[in-house]
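A.B. asks: My questions will all concern the structure given below.
Values in this text are rule-based calculations from the coordinates and carry no lab data. This one's a predicted model, so the numbers in the text were calculated from it and none came from an experiment. Glycine gets a Cβ as well: all are built from the backbone with ideal geometry, and neighbour counts include every protein chain shown.
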Amino acid sequence: MLLHQQFVRMAKKYSSRIAIKDKTTNQSLTFSKALIGALILSSKFQKYERGFIGIMIPTSAGCALASVAALVSGRIPVMINYSTGAEANARYAMKKCRFKTIIASKALLDKVGCPVIDGMVMIEDLMKSVTAADKLKAALKSMLPVNLLLKTIHKGNEDDYAVMLFTSGSEKDPKAVPLSHLNIVSNIVSFSNFINITSSDIILSNLVFYHVFGLTVDLWVPFYHGMTMITYANPLDFQTISNMAREERPTLMVGTPSFFWGYLQKSEPGDYKSFRLMVSGADKCPDALRKEFMKKHGVTLLEGYGTTETSPVISVNTPEFNRPGSTGKVIPGLQVRIEHFETGELCKPGEVGKIMVKGDSVMKGYFEDPGQTAEVLKDGWYNTGDMGFLDTEGYLWHSGRFKRFTKIGGEMVSLVKVEDVLEKLLPEDVKCCVVEISDEKKGSYIVAAVSAEINKTEMLRRMMKELPIISLPRQFVFIEELPMMGTGKVDFRKVTEMVREIMETSGSDS
């Protein structure tokens, strides 16, 4: 099954249903109007070179339809991160994937301070160029019976690329990840059945579409099922999103812990009570966040886990099977094995090791990068780079990135675990990030970056009750605003750089 063909089927089936309620522009499109819009854009895209086409538009009806239109026209959308270095990211994508055209938004470029790059075509200009004849032609085409209509658009097969995404680059330069129609469709089918998502659900879509979490769940899930999506371009506008939740009464929402904290703080009791499913991902969900959401809104905040390379969902808690603290059970159709980080042998239940994944959702490899691909894929098994364990009942527990483990005194120390303990002891509004600093003479040691000044001696005394001395931070560093990526994750690489600079400036390491 191909994503754009499924969109056409759903648009024909639910023609009068609202497909997209765009709260940034206050426009609503029925599925029949969305289909006409996608067909118009698709015809406009025909004049650009085949192959890859860049898309740099915020979460909106425009971005959703441009993504569909690219596939309908036989092109592959390359989703470009505009929140961190838009110009550099656009040039990087164009060079890496060798394409010339980016469909961009003038309003977005102005907002993020990105110059117009050669090859950029503004979506606003494209829409202004639409003639009455264009509209009539697309409207007549949209009226064809579904089987005839499908014959007029790009066909292809399920192993074709459906999108090009880039990894977040929180640890090193972004890698280009091509996901096929099979990758994304199999993931949607598996977790939709597992968590019981249906066409009658209404999803609040406010995550960025250039990140796999937003692309699969907020964009393709509603188009796949024929659901209504309510789009909003800024997930950090906590107040507006809380108002939307109260007024629009959606039933589904996914987000990151940092976003959910914002919604919690800016909402009134009951604003989120219409939600049947709220799933937190991309980062560890703190216990305090779950408890406060239940207390204020009567909603269970579930936790899931995934990666860009797995399209993304690997495991998720459900209302029926929910073990807070875990990332839930592995979704059907995927296999997970936990391997010992040194020997590669299978770990016993409860034993922490490397999380390996196999199944139709797993990418075939990084784009034109056999070296990086060979590092993470072997016999179909994908090494997530994460550490964790399966318990005796099949729940997957995430222990952090392998790179977020450090060897101190011969022992493997999880920086995420240190972070979790610290987070519980800090006041609710204080954020933290624990990093490793390498020293050639003294070896690696742990530093905690905190967003407010704290009593370090008292904090260490309390942390000693839950952690061995070897795991305690040697230093606490004050960073008022911890750098975040557009996806809502803490930028560990930037935090480490900032900590290193602070340590060097102060000339202190203890």
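A.B. asks: Expressed in nm to one decimal, what extension gain is obtained for the pair K100 and K424 from 0.36 nm per residue of sequence separation less their Cα-Cα distance?
C.D. replies: Here the segment from K100 to K424 would lengthen by 111.8 nm.
A.B. asks: Cα extents of the range 409-506 along the three principal axes, largest first, in whole Å?
C.D. replies: Ordered largest first, the range 409-506 gives principal extents of 36, 32, 26 Å.
A.B. asks: Restricting the count to DSSP beta bridges whose residues both fall in the range 409-506, what percent are antiparallel, rounded to a multiple of 5?
C.D. replies: 65 percent
A.B. asks: Could you give the nm distance between label points at V116 and S83, where each point is 7 Å from its Cα heading toward the beta carbon?
C.D. replies: 2.7 nm
A.B. asks: Hey, another quick one. Could you list, bin by bin from short to long, the percent of Cα-Cα pairs of the range 23-91 in 5 Å steps?
C.D. replies: Reading upward from the zero bin: 3, 17, 24, 22, 18, 11, 4, 0.
A.B. asks: Among the lysines, which have Cα under 17 Å from the Cα of K95 when same-chain residues fewer than 8 positions away are ignored?
C.D. replies: Result set, ordered by chain and number: K175.
A.B. asks: Additional query: Of the options V254, A448, V490, report the single residue whose Cα projects farthest towards the positive end of the charge dipole of the chain (beta-carbon charges: Lys, Arg +1; Asp, Glu -1).
C.D. replies: The residue sitting most towards the positive pole is V254.
A.B. asks: Ratio of the chain's C-alpha Rg to 2.2 N^0.38 Å, to two decimals?
C.D. replies: Cα Rg divided by the expected 2.2 N^0.38 Å: 0.99.
A.B. asks: Any chance you could list P(r) for the range 122-190, counting all Cα-Cα pairs in 10 angstrom bins from zero, rounded to whole %?
C.D. replies: Result, from short to long distances: 15, 24, 33, 22, 6 percent.
A.B. asks: Which distance in nm do the two modelled labels at S451 and T198 give, with both placed 7 Å along the Cα-to-Cβ direction?
C.D. replies: Distance between the two pseudo-spin positions: 3.9 nm.
A.B. asks: Step through the table entries K33/K128; K354/K494; K23/K137; K21/K137, compare each Cα-Cα distance with 22 Å, and write down the pairs that go over it.
C.D. replies: Cα-Cα > 22 Å for K354/K494; K23/K137; K21/K137; rest within.
A.B. asks: So for the chain: antiparallel DSSP bridges make up what percent, rounded to the nearest 5?
C.D. replies: Of all bridge pairs located within the chain, approximately 60 percent are antiparallel.
A.B. asks: Applying 1/(1 + (r/R0)^6) with R0 = 25 Å to the Cβ-Cβ distance of Q265 and K128, what FRET efficiency is obtained, to the nearest 0.05?
C.D. replies: With R0 = 25 Å, the Cβ-Cβ based efficiency is 0.05.
A.B. asks: Please check which bits of the range 188-214 a label hung off F321 would reach, taking the label as a point 7 Å along Cα-to-C-beta and the cut-off as backbone N under 14 Å.
C.D. replies: Those under the cut-off are 190-196.
A.B. asks: What ranking do 464-474, 125-135 get when scored by the average of other Cβ atoms within 10 Å per residue, highest first?
C.D. replies: In decreasing order of mean packing, 464-474, 125-135 become 464-474, 125-135.
A.B. asks: Taking Rh as the Kirkwood radius computed over C-alpha pairs, what is the Stokes-Einstein D of the range 61-170 at 20 °C in a medium of viscosity 1.002 mPa s, expressed in µm² per second?
C.D. replies: 135 µm²/s
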